[in-house]
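The values are calculated or read from the model by the stated rules, or taken from the named source; none is laboratory data. These numbers come from a predicted model, not from an experiment. Here the Cβ positions follow ideal geometry from the backbone for every residue, glycine too, while neighbour counts run over all protein chains shown. All accessible areas refer to the heavy atoms of the entire protein, side chains included, with ligands and DNA or RNA removed. Shrake-Rupley method; radii C 1.70, N 1.55, O 1.52, S 1.80 Å.
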Amino acid sequence: MTYRVLTAPVRWTLLCLSVAVVAGCGSDDNSAELETIHVTASSGEGGTVTPLESDVPRGATLHITAHPDLGYRLLNMTGCNGTVIDENHYKTADIEAPCHIQATFETGPVEEQADLQFSNTAIARSIGFKWDEVTYALRYTLYKNIDGESGFTQIGPEFAGDVLSYQSVETLYDNLEAEYKLEACNDESCMDSELLLTDSGINQAIGYIKRPEGDGSLHLGNALAFSGDAKTLVASAPENCSAANQGLCSGVVYVYRLGETRWQFEAALELDDIRADSRFGERVSLSRDGNKLAISAPFVPASFSDTNDTRVGAVYTYEFDNGSWTQTQALTGDEQGEDGSRLLGFGADIALSGDGDTLALVAQELITEDGQALLYRLNTDDNNENVWELEQRFDTASAVSLDNTGNYLALGLRNGTELDGEETEVGVTQVYHYNAEADEEEQWELATELNAPEVFTGQHFGHRVLLSNDGTKLLVGVNYDSTLVDAGQLEKPEVYMYQRDSGEWSLAHTFAQLDQQGAIDSDDNGRSRYGSVFSMSRDGTRVLIGDPTEDGNGNGFFANDGNNAAGLAGAAYLYNYADGAWQEEVYIKAKNTDAGDQFGEAVSISGDGKIIAIGAPEEDGPAVGVDTAVMADNGNADGSGAVYLY
């Protein structure tokens with residue numbers, strides 16, 4: 001093995017330690033002259049030293065520091081009868097005569113492995129890496145093999161030899177089987193680190209969002225929505241009881257926007273005329289570009305003076321323009337009935353089309369009875385203002401969803417369909433298609449009516465519905481009635497995916513929990529709520545399903561799904577379609593799981609499927625802000641809620 005030995009410039013530090021110097025500095029005899037001796041230092045290629053020259057009091061010592069260039073290390077330092085006292089530091093003997101110090105540096109092949117490790121991170125979805133400096137290394141390159149089989153690809157830039165850490169923003173759930181290595185190189189050779197395998201350390205990269213500082217909102221994470229480009233996130237807290245609201249728990253909706261690497265709080269949207277218990281933010285829906293937003297408040301009373309506390313409900317629309325959010329319209333249940341009557345529970349469910357120009361909503365006073373659906377289009381009035389105008393009314397509905405163009409509409413009728421001639425709350429789902437060429441009153445055509453593969457009393461098929469962006473896939477959820485459904489079925493609800501091909505709809509897949517996950521997974525009625533909420537990527541190849549009643553007590557990814565000691569902690573399940581089949585689910589927990597948090601009460605996945613948000617509206621942590629650290633429950637933030645990013 002060959003090495004190059006070189007000399008290079010060096011820096012020094014002077015320590016005045018001799019008795020003579022101390023006496024000289026503190027003496028009252030100002031006429032006394034302090035004798036000094038000139039000391040010099042030098043080096044050649046490969047580094048520097050400091051100081052290069054010094055006038056040292058006789059009998060004092062001098063400390064010199066060596067600074068190797070990248071790819072070099074200090075080989076030796078000689079002169080002035082000194083010694084190397086630790087790495088890159090040299091101390092002379094007592095100076096009695098002029099002398100010179102010489103530093104030499106060397107370089108050689110990289111023969112040492114970097115110690116690659118995961119590091120802590122304060123950035124949501126950012127996996128942190130760190131490593132120690134490797135002798136002779138001029139540069140480092142980080143590689144990832146995403147599944148242990150596909151081969152290594154570079155992540156991040158090529159790092160200079162003095163860079164010893166990196167933060168990589170990743171889709172966390174795509175990296176659960178990833179392995180990493182760090183290559184240390186100079187111009188002569190390279191050396192790989194040992195493989196670093198993904199483990200539970202990835203959980204520290206899970207994002208954690210709490211209410212803003214000084215805000216008294218409750219149940220953050222009740223409803224969530226991503227824009228199509230995953231750069232805007234909306235999260236609601238429908239019981240905003242802050243002092244600014246005079247103690248009235250009317251609700252607030254927060255908007256967050258993704259900066260270069262971090263999520264940042266952008267706006268808090270509230271009712272101008274705050275009314276108690278309006279549940280503002282019960283449902284939220286965001287356009288694909290993130291610039292149009294619909295918010296429901298199904299419990300808004302008709303007025304402050306309404307002595308019957310009539311919960312008419314309302315839907316509010318907002319638009320983002322010139323850096324701020326502005327309310328554009330408020331639709332209420334007043335005079336929205338077919339005969340001009342009042343509709344109650346207006347906004348029980350809502351859906352904006354991807355282009356933001358079509359709005360569907362449900363007016364449903366009681367969950368035990370289906371309401372009706374109304375569809376609005378954004379049109380231009382005589383004053384050249386954009387206004388929402390009612391286009392179509394659908395007699396029966398409890399859930400709604402629209403595709404990107406607003407030309408496909410799915411309706412869930414959770415209480416519909418008879419079984420053996422009796423009203424049995426089986427449920428049915430309908431899909432309508434808009435035909436612009438048909439007569440005006442017949443433009444919305446019923447394309448199909450769907451039932452569950454197996455129907456039974458109390459099933460409530462259609463409790464929640466969701467269309468894919470292109471309207472070719474449809475998710476349908478159930479909500480079992482614990483008074484009507486057998487106990488064995490209560491614990492195993494399913495979510496169904498239907499697909500449209502050549503105009504025909506058919507069952508494409510059935511999603512269900514694995515038996516070992518959430519073995520005692522149920523609410524107080526013995527009912528699992530798996531599938532009570534779900535979200536889907538733009539093309540329908542990724543599906544995220546929440547279950548706020550799951551009882552596992554593990555944290556994040558790689559959770560211990562066999563221990564169900566945290567009642568109603570909640571969980572979420574991510575499914576990925578690849579290689580012509582649905583892959584095994586990814587079981588997801590909060591990073592700070594606790595009983596009763598109801599993690600999974602709301603879920604949302606970005607259009608490209610690369611980021612997910614999960615709400616836990618009963619989480620009690622007292623922390624505030626975005627990308628905040630988890631703090632232990634101190635009893636002062638019960639039910640404040642949280643949102644987690646993966």
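Structure summary
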item	result
Where labels lie 7 Å past Cα in the beta-carbon direction, separation of His38 and Val455 in nm	10.5 nm
Difference of contour (0.36 nm per residue) and Cα-Cα distance, Ser189 to Ile367	57.1 nm
Positive dipole terminus of the range 540-646, leading residue within Ile545, Tyr575, Gly641 (C-beta point charges)	Tyr575
Per-q log10 I(q)/I(0), the range 447-486, q = 0.14, 0.29 Å⁻¹ (Debye; single scatterer per alpha-carbon; no solvent)	-0.37, -1.03
Stretch gain in nm, segment Thr510-Thr380, where the contour uses 0.36 nm per residue and the Cα spacing is subtracted	42.5 nm
Nearest-10 value in Å² for the accessible area of Glu239, using the 1.4 Å probe	50 Å²
For the range 587-646: span of alpha carbons on each principal axis (Å, largest first)	38, 21, 16
Residue-averaged 222 nm ellipticity for the chain, from DSSP H runs of 4+ at -39500 (n - 2.57), nearest 500	-500 deg cm²/dmol
Overall dimensions of the range 344-385 by Cα: Rg and Dmax, Å	13.0, 42
Per residue accessible area in Å² of the chain, where ligands, DNA and RNA are left out and the probe is 1.4 Å	43 Å²
Whole-percent carbon and sulfur share, accessible surface of the chain, 1.4 Å	43 percent
Listed peptides 628-640, 50-62 by packing density, highest first (mean Cβ within 10 Å)	50-62, 628-640
The range 160-260 pair-distance distribution - Cα-Cα, 5 Å bins, rounded %	2, 9, 14, 14, 12, 12, 10, 8, 7, 5, 3, 2, 1, 0, 0
Isotropically averaged projected area of the range 491-646, using the convex hull of Cα atoms (one quarter of hull area), nm²	10.0 nm²
Förster radius 56 Å - calculated FRET efficiency between Glu389 and Glu133 (Cβ-Cβ, nearest 0.05)	0.25
For the range 75-227, convex hull of alpha carbons as volume per residue, Å³	206 Å³
Dipole moment magnitude, nearest 20 debye, the range 455-509 about Cα centre, only Lys, Arg, Asp, Glu C-beta charged	120 debye
Sequence ranges 387-399, 222-234, ranked by mean other-Cβ count within 10 angstrom, highest first	222-234, 387-399
Spherically averaged projected area of the range 335-454 from its Cα convex hull (nm²)	9.0 nm²
FRET E, pair Asp321, Ser482, Förster distance 35 Å, beta-carbon r, rounded to 0.05	0.15
Residue among Leu352, Leu331, Gln430 farthest towards the positive dipole end of the chain, charges placed on Cβ	Leu352
Full-extension gain in nm, Asp339 to His100, via 0.36 nm per residue minus C-alpha separation	75.7 nm
Distance histogram for the range 528-609 (every C-alpha pair counted, 5 angstrom bins, percent rounded to whole numbers)	4, 18, 25, 24, 16, 10, 4, 1
Pairwise FRET efficiency - Asp174 versus Gln117, Cβ, R0 = 25 Å, nearest 0.05	0.75
Sequence-distant lysines (8 or more away, or on other chains) whose Cα lies within less than 16 Å of Lys591	Lys210
Charged-residue dipole, Cβ positions (Lys, Arg, Asp, Glu), the range 552-646 about Cα centre, Debye nearest 20	160 debye
Ellipsoid equivalent to the chain - semi-axes via the Cα gyration tensor, in Å	65, 28, 23
Estimated distance in nm for a label pair at Phe265 and Glu45, the labels positioned 7 Å out from Cα along Cα-to-Cβ	5.7 nm
Exceeding the 31 Å Cα-Cα cut-off - candidates Lys144/Lys589; Lys292/Lys492; Lys130/Lys610	Lys292/Lys492
Among 589-595, 317-323, the order from most to least packed when residues are scored by Cβ within 10 Å on average	589-595, 317-323
Dipole moment magnitude, nearest 20 debye, the chain about Cα centre, only Lys, Arg, Asp, Glu C-beta charged	1800 debye
Cα principal axis extents for the range 423-519, largest first, Å	52, 30, 17
